[in-house]
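What follows is calculated from the coordinates using simple rules that are stated; it is not laboratory data. All values reported here derive from a predicted model rather than from experimental measurement. Neighbour counts run over all protein chains shown; Cβ positions are idealised from the backbone, glycine included.
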Amino acid sequence: MEEKKSPLLSKTLWANAIMAVCALVIPPVSEWMASNPEGVALIFTGVNAILRLVTKSQLALK
């Protein structure tokens, strides 16, 4: 049976949170994201796909 980890230890969760905070706090990033929704989706998809490939354990949801 695979070892399960806390959701707070999820690399994907933290990568998405960091990207979201950057979008809200850094004006040039906010402007770029507003003008390039396809680019934003591509970046989020790429980062999440890479992190999913390197993830070894599942999250414990309880």
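Residue pairs whose Cβ atoms lie under 9 Å apart, sitting 6 or more positions apart in sequence or on different chains, and linking a residue in segment 8-23 that is farther than 18 Å from PRO37 by Cβ to a partner that is exposed (fewer than 12 other Cβ atoms within 10 Å of the Cβ), are LEU9/SER57; LYS11/VAL54; THR12/ARG52; LEU13/PRO7; TRP14/LEU8. When the residues of segment 1-56 are filtered to those that are outside any helix (DSSP H, G or I) and among the polar types (S, T, N, Q), which remaining residue is surrounded by the most Cβ atoms within 10 Å (Cβ to Cβ)? This residue is SER10.
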